[in-house]
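These notes are about the structure you will find just below.
The values are calculated or read from the model by the stated rules, or taken from the named source; none is laboratory data. For clarity, every value in this text was computed on a predicted model and none was experimentally measured. Reconstructed Cβ throughout: ideal geometry from the backbone, glycine too, with neighbour counts over all protein chains shown.
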Amino acid sequence: MQKVRGSNPLEPTEVPGYGIYRFKNLLNSEITPIFYKRKELMENIKITLPDGSAREVEKGTTPFQVAEAISGRLAKEALVAKVDGKLVDLQTPINSDAELQILTFKDPEGQHTYWHSTSHLMAHAVQEMYPEAKFGVGPAIESGFYYDIDIDTKLSEEDLPKIEKKMHQIAEQNNMFKRSELSKKEAEELWTKKGDQYKLELIEGLDDEKDVISIYGEGEFTDLCTGPHVPSAGKLKYFKLLSVSGSYWRGDEKNKSMQRIYGISFPKQKMLEEHLHLLEEAKKRDHRKLGKQLDLFSVQEEAGPGLIYWHPKGARVRHLIEAFWKDAHYDNGYEMLYSPHVGKKWLWETSGHLENYKENMYAPMTIDDQDYFIKPMNCPFHILMYKGQLRSYRDLPLRWAELGTVYRYEKSGVLHGLLRVRGFTQDDAHIFCTQEQIEDEIIEVIRFSMFMWKSFGFEDIKFYLSTKPEKAVGEDDLWDKAIHSLRNALEKEGYDYELDEGGGAFYGPKIDLKVRDALNREWQMSTIQFDFNLPERFDMTYIGEDGNQHRPYMVHRALLGSIERFFGVLIEHHGGAFPTWLAPVQVAVIPVSQVFFDYAKSVVDELKKSGIRVEFDQRNEKIGYKIRDWETQKVPYMLIAGEKEMEAGTVSVRQHKVGDLGAQPLQEFKDKVLNEINNKVINN
RNA sequence: GCUGACGUAGCUCAGUCGGUAGAGCACAUCCUUGGUAAGGAUGAGGUCGUCGGUUCAAGUCCGAUCGUCAGCUCCA
């Protein structure tokens, strides 16, 4: 049994009867012993480090000791280790040859361990402050951690600093995170005593054969946990509790609601400050805030939530997006459609929407004793057009696109600015094709989508491939071929993707493209979905080469997702400073005083003639004031026109965020801007 | 929809113990005619989200409702 010596758990462990000596000549031998003991007791094992070098160490040496032997700094920063790819505590003795990795906060696993340990510390603090507290789960998440807590007291933001204070007090005691392993029965007894039904439920769910039930104790606080953890609570120094909100036990809204506290922690104060600063900066980029500041769009409370009003400047950007989108579609072999906004009950019965999607549809309106529904999707209309005539294999593929406005009832709590709304315009298209054509079609859609995203300045996009769920329509063979084509297309195009096994819609597999917003939330944008349901329900056919009827493949795809959501992430991506080609106002002309109005007007007219969106600022204000104003409106260029410029026939150019560029001939400036516009230059 | 917080002028916000509404910006008028991020004066602008209750008295306390926000759940 090992003994921990002294109060600092990070000191090397001493094994009775074994002298531990640091080997002096560490660097010279290929296999470097780090510790060795008296010869007669020596039993060594070999550990391999990530750089490929191997070292011989005494059996039972801990990762921490290895770290210490390699470098004092590494030992200081070490949080957790990986032995043969498995995460373990730094104090876990290594007893056989192994590959060893020492992880610090720089490693994702190190970060996670750090955050998870902080969530234990937080739970400990909450337990001390509210002894009746029961705990759900408390994992590390992508950025920080949370813990679900069941207490009668309603926590508010004001309670968070108090909990933080308690956490600091506990951290100062620097208790070790101690691991113990229990039998299922022992664990059940322990939490029955604590009266924590959540943990009991978790224990209940464990497999008694396979799973080791491990618990971690830190000071007075013990928690069911697979670990690993940082060695001691004293390592956790700089943390901030960010918010408290509701959650459900096991994520099921039928279960009791709990309170969830979110937080984040870092080993260095500077890192914490930087992170908090980033959060502040991100808030400034929030499209809801910028939408108001730049007068782009609004939601009218009185007229209904989740419905977007596009103001002139936002509408101008939308027009440019849509015009570009339409041209690109014609260039890529698509035809454009327009379809109605409502359809009779028959249509939605046939499509199956009334059966499967009714709770998301706006209620029907009765016209001439017939129920009409507002469309939640465009597909049935496109299908009717397909069925309007007999189709031959020679007609395929058909690529039909529409900027189709749909309305869906979304639960009130999920509405979010432009990103989750009730009425939106999909940049929708349906591709009808033969089996032989599907892979090429998918490849084309992926290329087209990425072309669109790149045109608007996006590079960081993640792909998700979703396969067949349990409840699904369509034969396995169809699914397999479709999934195969999706996978192949992604691989041929060289895109990494995450597999969401069973995450497809019931009617077909899909590829989703997701983009992050300023607040680091991921939103599904583009989607490429097979549909085995609608062609069947509407009995779509084409006549094949063999003269027989065949069922076409149907693919739904939206490149940008919806215009609303796309506009939302576009605003955030550029922080409201749109590239020149998309800016609602491209140039503001500012005369130094009224004396130069005529000259400034000639500049304005000249630019307008070239189709540049220019504003003439004739307000009775000083130029400092006007510059500040246009700068906050994030207009790409300002032109100052005064005496010098009038005499020389030039303009003084000021670029957004960059500043004064000096005087240049008007023609030169005009060419530069036109070039930026025509080539859709992304300047940030 | 659920849990919690919030809702005051066009915007951002203050408003103490319940005593009848305040700032800055924006806007209007006037003065000022200016050189790269806010010139000055004056003025107008609010049934304090809505409905109801308690009270002599409600922006303030209570309830309901609508909406927003943070999450949860959902997302064909």
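Tabulated results
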{"quantity": "Candidate set from region A:501-547 (those that are away from RNA strand B (no atom under 13 Å from the Cβ), surrounded by fewer than 21 Cβ atoms within 10 Å (Cβ to Cβ) and more than 20 Å from A:Ile438 (Cα to Cα)); member that is modelled with the lowest pLDDT", "calculated": "A:Glu501"}
{"quantity": "All positions within region A:94-118 that are of a type in the set (Ser, Thr, Tyr) and under 29 Å from the mean Cα position of the chain (by Cα)", "calculated": "A:Thr104, A:Thr113, A:Tyr114, A:Ser117, A:Thr118"}
{"quantity": "Subset tally (residues that are surrounded by 14 or more Cβ atoms within 10 Å (Cβ to Cβ) and either over 19 Å from A:Ser412 (Cβ atoms) or within 9 Å of RNA strand B (Cβ to nearest atom) (or both)) for region A:299-308", "calculated": "3"}
{"quantity": "Tally of residues being under 18 Å from A:Phe596 (Cβ atoms) and modelled with pLDDT of 95 or more across region A:649-659", "calculated": "5"}
{"quantity": "Residue satisfying condition, being β-branched (Val, Ile, Thr) and buried (at least 21 other Cβ atoms within 10 Å of the Cβ), within set A:Ile374, A:Ile431, A:Ile367", "calculated": "A:Ile431"}
{"quantity": "Residue selected from region A:612-638 under the condition in a loop (DSSP other than H, G, I, E, B) and within 18 Å of A:Gln594 (Cβ to Cβ), by the criterion farthest from RNA strand B (Cβ to nearest atom)", "calculated": "A:Asp617"}
{"quantity": "Search result, residues across region A:639-659 that are in contact with a Gly (Cβ under 8 Å, 6 or more places away or on another chain) and either more than 6 Å from RNA strand B (Cβ to nearest atom) or in contact (Cβ under 8 Å) with a residue 60 or more places away in the chain (or both)", "calculated": "A:Val653"}
{"quantity": "Cβ-Cβ under 9 Å pairs, at least 6 apart or on other chains, region A:330-354 side in a helix (DSSP H, G or I), far side within 16 Å of RNA strand B (Cβ to nearest atom) and among the polar types (S, T, N, Q)", "calculated": "A:Ser351/A:Asn533; A:His353/A:Asn360"}
{"quantity": "Residue list for region A:87-137, filter: in a loop (DSSP other than H, G, I, E, B), in contact with a Phe, Trp or Tyr (Cβ under 7 Å, 6 or more places away or on another chain) and modelled with pLDDT under 90", "calculated": "A:Gln91, A:Gly136"}
{"quantity": "Residues that are within 25 Å of A:Gly544 (Cα to Cα), within 13 Å of RNA strand B (Cβ to nearest atom) and touching a Pro at 6+ places or on another chain (Cβ under 9 Å), drawn from region A:351-390", "calculated": "A:Ser351, A:Ile383"}
{"quantity": "Pick from region A:248-258, criterion assigned to a strand (DSSP E or B) and near RNA strand B (Cβ under 6 Å from one of its atoms), ranking: nearest to the chain's Cα centre (by Cα)", "calculated": "A:Tyr248"}
{"quantity": "Near pairs, Cβ below 6 angstrom, 6+ apart or cross-chain, from region A:572-591 (in a helix (DSSP H, G or I)) to any residue that is basic (Lys, Arg) and at pLDDT below 95", "calculated": "A:Glu572/A:Arg285"}
{"quantity": "Cβ pairs under 6 Å, 6+ apart, first in region A:411-422 and free of Cβ contacts under 8 Å to residues at least 40 places away in the same chain, second more than 6 Å from RNA strand B (Cβ to nearest atom)", "calculated": "A:Val414/A:Arg420"}
{"quantity": "Residue within region A:268-283 that is charged (D, E, K, R) and under 22 Å from A:Gly413 (Cβ atoms) present", "calculated": "yes"}
{"quantity": "Region A:54-108, residues that are small (Gly, Ala, Ser) and either surrounded by 15 or more Cβ atoms within 10 Å (Cβ to Cβ) or touching a residue at least 12 places away in the same chain (Cβ under 8 Å) (or both)", "calculated": "A:Ala54, A:Gly60, A:Ala67, A:Ala69, A:Ala75, A:Ala78, A:Ala81, A:Gly85, A:Ser96, A:Ala98"}
{"quantity": "Enumeration of residues in region A:609-667 that are crowded, with 19+ Cβ neighbours inside 10 Å and of a type in the set (S, T, N, Q)", "calculated": "A:Gln633, A:Thr650, A:Ser652"}
{"quantity": "Matching residues, region A:582-611, being touching an Asp or Glu at 6+ places or on another chain (Cβ under 7 Å) and away from RNA strand B (no atom under 14 Å from the Cβ)", "calculated": "A:Val585"}
{"quantity": "Where a residue in region A:178-207 is free of Cβ contacts under 8 Å to residues at least 60 places away in the same chain and closer than 30 Å to A:Gly234 by Cβ and its partner, wherever it lies, is among the basic types (Lys, Arg) and part of a helix (DSSP H, G or I), with Cβ under 8 Å and at least six apart", "calculated": "A:Trp191/A:Lys199; A:Ile203/A:Lys184"}
